[in-house]
Every structure is written in structure tokens, then in C-alpha cells.
Amino acid sequence: MTAHAHTVSESVVRHWLAERIGILLDRAAHEIQPDVLMAEYGLDSLQAVALAGEAEDRWGLPVDPDVAWQYPTVALLAAHLAARIADGD
């Protein structure tokens with residue numbers, strides 16, 4: 001399902017990321033804090049690549065597999081993805 005730019009806020013992306021990371025790490029979404037490094041939760045490179053692929057599928061845009069290391073917190077990654085979604089790229 002591709003989201004439309006005008007309907008996707010940074011908070012929606014942040015919530016989605018917390019849910020996906022929680023699933024990848026077998027944690028509840030509410031345990032994933034927006035300003036904690038994802039690596040501190042134990043996110044590894046394989047899980048980061050999986051997260052990038054899921055973001056591509058969900059938001060309908062190409063996502064670099066290294067994005068979780070370039071934007072290492074949920075807050076930073078959500079801001080980056082929301083901006084890209086809004087730009088339509």
C-alpha cells in the first residue's frame with residue numbers, strides 16, 4: 001500500500017517505525033523510544049536492511065539499505081522518510 005504525500009505526517013511514520021522495529025526485535029512498540037539509537041535496542045545490519053525494504057514497500061519510495069545507520073534514531077529516520085514522502089521521491 002503506497003501512502004499519499006499529503007496524508008503522511010512525521011508522527012505517522014514514527015509510529016510505523018516503532019511498530020516495525022518492535023516486531024524485528026521482539027519488543028513492544030511503546031518500548032522503542034524516538035531518540036534512542038536503534039543499535040542500542042540491538043538492531044543489526046540484517047534487520048536494518050529488512051526495515052529499509054519494508055519502508056520501500058510501505059511508502060512506495062526507494063530506501064537505501066544503510067538508512068538506519070545514516071539516521072540512527074526513530075525520530076531522525078521518521079523525519080527523513082516523511083520529508084522524502086512529501087517530496088514524492
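A few notes on this one:
- Global geometry of segment 32-84, whether rounded, prolate or oblate, following the gyration tensor of its Cα atoms and the 1.5 cut on a/c: oblate
- Looking at segment 10-89, none of the chymotrypsin sites (Phe, Trp or Tyr not before Pro) sits in a DSSP loop with at most 14 other Cβ atoms within 10 Å of its own Cβ.
- If you wrap the Cα atoms of the chain in a convex hull and average its projected area over all directions, you get 4.9 nm².
- Extending 7 Å from the Cα toward the beta-carbon at both Ala29 and Trp69 defines two label points whose distance is 2.8 nm.
- The chain, relative contact order [Cα under 8 Å, separation at least 6], %: 40 percent
We did not get these values from a lab; they are worked out from the coordinates using the rules stated. Please read all numbers here as calculations on a predicted model, not as lab measurements. As a convention, Cβ positions derive from the backbone with ideal geometry for all residues, glycine included, and neighbour counts pool all protein chains shown.
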